[in-house]
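The structure under discussion appears below in the form of structure tokens.
Nothing in this text is a laboratory measurement; each read-out follows from the coordinates by a stated rule. Note that the coordinates shown come from a computational prediction; the quantities given were computed from them, not determined experimentally. Ideal geometry is used to build each Cβ from the backbone, glycine not excepted, and the neighbour counts take in all protein chains shown.
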Amino acid sequence: MKKITSRALLAAALAAALLLGLLVFCGEYFVNAKDWVTFPGSPHVYTGVNPDCGRIYDRDGALLLDTNDGRVYSADQTVRVSTMHLLGDRDGYISAPLLKAYASKMIGFDVVNGLYTDEAGSVAARLTISAKIQAAAQQALGDYPGTIGVYNYKTGELLCAVTSPSYDPDNVPDVADDTTGRYDGVYVNRFFDAAYTPGSIFKLVTAAAALETIPDVQSRTFTCTGKTIIGGQEIVCSGVHGNLDLSGALAHSCNIAFGELAAELGAETLQTYAEAFGLNESYVCDGYVSDEGHFDLTDADDGDVAWAGIGQYTTQVSALAFLRYLGAIANGGKAAEPYLMQRVRKGDEITYEAGTEFSAPMLEPATAETLTKLMQNDVSSVYGDWQFGGLSVCAKSGTAEREGKTANAMFAGFVLDDTCPVAFVVFAEGGGAGSTTAGPMAAKVLQAVREVLSAE
């Protein structure tokens with residue numbers, strides 16, 4: 001009898017647990033089912049690789065993509081080409097993590113109808129990017145593979161995230177049979193999914209570390225004879241600069257001065273600062289996961305450290321991570337975290353609206369202020385203020401050497417203007433000198449940025 005009673009009690013307990021579990025599941029189902037069925041890891045739930053999720057607009061209301069009847073892109077070819085890596089193509093060769101990340105906010109679900117798309121045309125998602133700036137950046141890059149990124153360092157809004165090569169989703173080329181090399185790497189989003197040897201733009205990292213750890217660095221004089229030996233390795237400069245202070249060393253991008261500074265800082269300190277600036281990290285930006293940078297001086301000798309400090313050796317950075325670091329300099333030490341999705345509206349209901357978030361302090365405010373002055377001097381004394389149409393630009397160029405290939409051209413910086421508070425990066429593969437190739441590209445894009453922001 002006792003055995004029967006105990007078994008009955010066990011069965012009752014199991015039944016109660018089952019009932020409780022069922023009730024919990026039903027509750028979770030009613031609350032979270034939409035998130036479950038639109039989980040980015042299960043794209044088969046919706047209509048293929050890229051979901052149908054209403055209409056997508058740029059920051060100023062220009063239609064970029066309408067998914068209500070197939071996938072209808074912008075009427076402007078350059079806009080289609082420049083935004084394709086953000087919105088995805090029709091065949092799924094280029095996915096749209098942005099749309100997947102916000103699918104639960106854009107796609108409908110209820111217990112009666114199940115999953116349904118925006119047949120009534122009520123869903124409108126507004127991105128932070130500008131179609132005009134995207135188009136200007138695509139045209140500025142021309143035939144160079146690479147990327148251009150621009151973001152508001154006060155708010156975190158990404159105004160531009162262009163990658164090249166790209167193609168028109170309304171006129172898809174035969175990529176597989178192309179023998180010209182024009183479409184090499186076309187499926188890679190170079191803004192998020194690539195890391196580059198930074199060349200001399202990395203001197204902004206070495207300079208920051210030196211400003212915070214070497215007390216007399218601003219009063220020092222460096223002597224450049226064109227080459228020197230550090231740790232048994234020959235460090236070669238682009239010229240013979242003679243005697244320079246820190247400002248002159250950065251303006252003339254002196255490898256000797258920054259190689260010596262890097263060796264003095266040492267591997268541990270330089271590693272610490274590169275990691276503190278987030279240059280070894282991968283970032284999630286509205287569904288996109290950026291490529292990790294690479295800065296590892298574990299087995300480096302003094303010569304290796306010198307080359308790393310001038311942006312060579314094994315150093316690599318992603319465009320997004322470096323853009324974020326520039327934002328920290330411009331913003332007094334903290335970076336506004338970049339984002340792409342501004343708002344999602346479903347009928348009269350706003351289902352998502354972005355807000356600005358900031359990183360932990362990356363730089364001392366005094367360091368950020370000094371770097372800003374140094375970068376401002378770079379433009380006024382070397383690159384020429386005239387290039388930027390009256391904008392107060394702070395910048396650093398870079399020329400990243402590649403064995404057996406033309407160097408990559410880099411140009412990175414920000415604008416000191418409350419009406420145009422943007423940071424920017426330009427990476428042009430095979431562009432050669434950063435100041436002569438990437439610099440003019442940046443100037444063209446910044447004019448488009450000013451026009452767009454002044455009209456808002």
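Where in the chain are the DSSP H helices whose alpha-carbon span along the long axis reaches 27 Å or more and whose Kyte-Doolittle mean is at least -1.0?
2-37
Looking at this model, which pairs from Lys154/Lys203; Lys154/Lys444; Lys132/Lys396; Lys100/Lys396; Lys334/Lys396 are more than 27 angstrom apart at the alpha-carbon?
Lys100/Lys396, as the Cα separations exceed 27 Å there.
Sum -39500 (n - 2.57) across every DSSP H segment of at least 4 residues in the chain, then divide by the residue count to get the 222 nm mean residue ellipticity, nearest 500.
-11000 deg cm²/dmol
Below 8 Å between Cα atoms, with a sequence gap of 6+, how large is the relative contact order for the stretch 150-455 in percent?
19 percent
Kindly put Leu371, Leu63 in sequence by how many other C-beta atoms sit within 10 Å of each C-beta, fewest to most.
Going from least to most buried by this count: Leu63, Leu371.
Mean separation of Cα pairs under 8 Å and 6+ residues apart, divided by the residue count of the stretch 109-251: what relative contact order is that in percent?
The normalised contact order for the stretch 109-251 reaches 13 percent.
Say the dipole of the chain comes from +1 at the beta carbon of Lys and Arg and -1 at that of Asp and Glu; which of Ser238, Cys394, Ser253 then lies farthest toward its positive end?
Cys394
Peptides 410-423, 207-220, 274-287: what's the order by average Cβ count within 10 Å, highest mean first?
410-423, 274-287, 207-220
Say R0 is 30 Å: what FRET efficiency, to the nearest 0.05, do Leu20 and Val284 get from their beta-carbon distance?
Calculated transfer efficiency: 0.25.
Compute the distance in nm between two label points, each set 7 Å from the Cα along the Cα-to-Cβ direction, one at Tyr93 and one at Asp60.
3.1 nm
Can you compute the equivalent ellipsoid semi-axes for the stretch 342-456, i.e. the square root of 5 times each eigenvalue of the Cα gyration tensor, sorted largest first and rounded to whole Å?
30, 19, 17
Quick check: the distance between the Cα centres of the stretch 353-432 and the stretch 178-193, to the nearest angstrom?
With the stretch 353-432 and the stretch 178-193 each reduced to a Cα centre, they are spaced 25 Å.
Which part of the stretch 417-431 falls in the paramagnetic zone of Thr356, meaning amide N under 18 Å from the point 7 Å along Cα-to-beta-carbon?
Within reach of a label on Thr356, which here means backbone N under 18 Å from a point 7 Å along Cα→Cβ, the stretch 417-431 contributes 417-424.
Would you please give the FRET efficiency between Asp299 and Asn377, computed as 1/(1 + (r/R0)^6) with r the Cβ-Cβ distance and R0 = 22 Å, to the nearest 0.05?
Efficiency for this residue pair is about 0.05.
Can you sort Thr147, Thr436 so the residue with the fewest Cβ neighbours within 10 Å comes first?
Thr436, Thr147
Give me the number: length gained by fully extending Glu456 to Asp348, i.e. 0.36 nm times residue separation minus the C-alpha to C-alpha distance, one decimal in nm.
Result for the pair: 36.6 nm of gain on full extension.
Using modelled amide H (1.01 Å from N, peptide plane; none on Pro or chain starts), what sits under 5 Å from the amide H of Leu65, excluding residues fewer than 5 places away?
Here the answer is Ile56, since their amide H atoms fall under 5 Å of that of Leu65.
Can you tally the net charge around Lys334? Count Lys and Arg as +1, Asp and Glu as -1, for every other residue whose Cβ sits under 14 Å from the Cβ of Lys334.
Its environment carries a net charge of -2.
With a point put 7 Å past each Cα toward its Cβ, work out how far Glu275 is from Thr179 in nm, to one decimal.
It is 5.0 nm.
How much length would be gained if the chain were fully extended between Leu416 and Asp216, taking 0.36 nm per residue of separation minus their Cα-Cα distance, in nm to one decimal?
69.3 nm
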